[in-house]
Every structure is written in structure tokens, then in C-alpha cells.
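Asker: Handing you a structure now.
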Amino acid sequence: MVSGRHKSRSLRRVFKKTPGGRNVVHYTPRKPKVAKCADCGDALKGVPRARPVKMQNMPKTHKRPERPYGGVLCSKCTRKKIKAQAR
């Protein structure tokens, strides 16, 4: 029987095969959703889908791309915004 703390669906069920040939269930925390662009809503490249605790321990350069509006706007929208500002 599943213990009480594993009954909720907040934990992901991962089926692992042990060396002995048994299938066992591991309960892992779910990953957060993909980061989205503030302008067009497209998924941001270079931004990891990690839990907040893991993000805290990551260096700043791994959390978002190193460009203006990195981690906020996608590269297409960044280009558009910089061109508009230059005009």
C-alpha cells in the first residue's frame, strides 16, 4: 500500500526497474512549466526547468541567457525591441 505522503498527485510517479528485475515506483517532485516570453508567449531557450531550490544553487549565467532581456524575452522579440529603440 502507498504511504500517505505519496497519495497526492503533486509527486510524479516514475517506474524504475531494479537489478533484481522488479519494477518499483519512485516518487519525484514535478518540474515547473517552461518559461515563456513576455511578448509573444513562446518558450524561452536557455532557461532551465528546475525547481526553485535547484535554481538558487545554480550560477546566474546558467539561469538565463546573457543578453539584454535574457530570461524575459525570446531572441526574436529582443531583436525587435532593440531595433525599435534604435529608431
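None of the figures in this text is laboratory data; all of them are computed from the coordinates on show. Predicted, not measured: the structure shown is a model, and the values here were computed from it. So basically every Cβ, Gly included, is an ideal-geometry build from the backbone, and we count neighbours across all protein chains shown.
Asker: Below 8 Å between Cα atoms, with a sequence gap of 6+, how large is the relative contact order for the chain in percent?
Answerer: Dividing the mean separation by the residue count of the chain yields 20 percent.
Asker: Among the Cys residues of the chain, which have no other cysteine Cβ under 4.7 angstrom away?
Answerer: Cysteines lacking a close Cβ partner in the chain: 40, 77.
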